[in-house]
Amino acid sequence: MTIERTLILCKPDAVSRGLIGDITARFERRGYIIVAMKMLQLDGDRARAHYAEHDGKPFFSELVDFITSGPLVALAIEGENVIEGCRQIIGATNPLTAAPGSIRGDLAQTIGRNLVHGSDSKGSAERELKIFFDANEFVSRRHDLERWIKG
Ligand code: DAT
Ligand code: MG
């Protein structure tokens with residue numbers, strides 16, 4: 001078994017549109033397990049750290065302004081190959097090319113308001129989770145997880 005942990009964000013547009021429940025339910029229904037969850041508003045420094053890989057791109061300042069514009073919900077989610085699985089559930093970056101059935105394909109219109117973040121690799125997940133959670137904020141739900149992935 002390859003149990004991984006990933007960072008999911010319900011971005012400020014998801015919170016203000018009242019979509020926290022709809023979005024988190026999609027990960028839970030897949031059988032992924034929430035092991036940490038909090039609402040917070042990012043300051044510029046944390047936002048720039050989170051999106052460091054995009055520093056220098058034309059949309060970077062807009063991205064930082066947006067992600068700091070209101071409260072978001074951060075979740076740490078565990079499951080077998082959960083990083084790739086959550087990216088599937090989220091859909092392509094541009095909602096216009098995101099598959100119907102995915103969060104972005106069902107609920108979003110534009111790339112700048114695409115509702116959700118999901119880590120894209122093990123390295124990113126490890127780095128990004130540390131920006132949002134301290135080690136003692138994760139709970140253990142291994143029994144819940146095993147119910148979903150055995151048999
Ligand atoms: P993803 O969120 O699918 O991992 P990404 O890491 O390439 O996508 O980009 C991070 C966010 O930046 C993305 O969710 C929305 C924004 N973004 C990406 N490309 C953009 C573009 N060409 N114009 C405006 N915003 C963009
Ligand atoms: Mg990304």
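For the listed residue pairs 11/38; 11/150; 130/150, the alpha carbons are over 24 angstrom apart in 11/150; 130/150.
Backbone amide hydrogens, once placed in the peptide plane, bring residue 35 within less than 5 Å of 76, 77, 78, excluding anything fewer than 5 places away on its chain. Separation of segment 1-61 and segment 69-114, taken as the distance between their Cα centroids, equals 9 angstrom. Debye-formula intensities of segment 40-93, expressed as log10 I(q)/I(0) at q = 0.16, 0.25 Å⁻¹, are -0.62, -1.03 (one equal scatterer per alpha-carbon, no solvent).
When the label point is put 7 Å from the Cα of residue 148 along its Cα-to-beta-carbon vector, which residues of segment 2-32 have a backbone N closer than 18 Å? What the label zone holds, given the 18 Å backbone N cut-off, is 2-10, 20-32.
Take the Cα of residue 2, step 7 Å toward its Cβ, do the same at residue 96, and the gap between the two points is 3.3 nm.
Apply the a/c threshold of 1.5 to the C-alpha gyration tensor of segment 6-52 and tell me whether it is rounded, prolate or oblate. In terms of gyration-tensor shape, oblate. For a paramagnetic label modelled on residue 111 (point 7 Å from Cα along Cα→Cβ), amide N atoms under 17 Å away belong, within segment 78-94, to 91-94.
List the relative contact order of the chain as a percent without decimals, with contacts defined as Cα pairs under 8 Å and 6+ residues apart. Could you put the intermediate results ahead of the total?
Numbers: 244 pairs, mean separation 53.5, N = 151.
It comes to 35 percent, rounded to a whole number.
How large, in percent, is the carbon and sulfur part of the accessible surface of segment 38-140 at a probe radius of 1.4 Å? Write out the running numbers ahead of the final one.
Working: 2660 of 5310 Å².
Reported share for carbon and sulfur atoms: 50 percent.
For the chain, adding -39500 (n - 2.57) for each run of n ≥ 4 DSSP H residues and dividing by the number of residues yields -11000 deg cm²/dmol at 222 nm.
For the chain, the fraction of C-alpha pairs farther apart than 22 angstrom is 37 percent.
The values are calculated or read from the model by the stated rules, or taken from the named source; none is laboratory data. Note that the structure is a prediction, hence the values are computed from the model and not measured. Please note: Cβ atoms are built from the backbone with ideal geometry, for glycine as well, and neighbour counts cover all protein chains shown. Just so you know, the surface numbers come from the protein's heavy atoms only, side chains and all, with ligands and any DNA or RNA stripped out. Shrake-Rupley method; radii C 1.70, N 1.55, O 1.52, S 1.80 Å.
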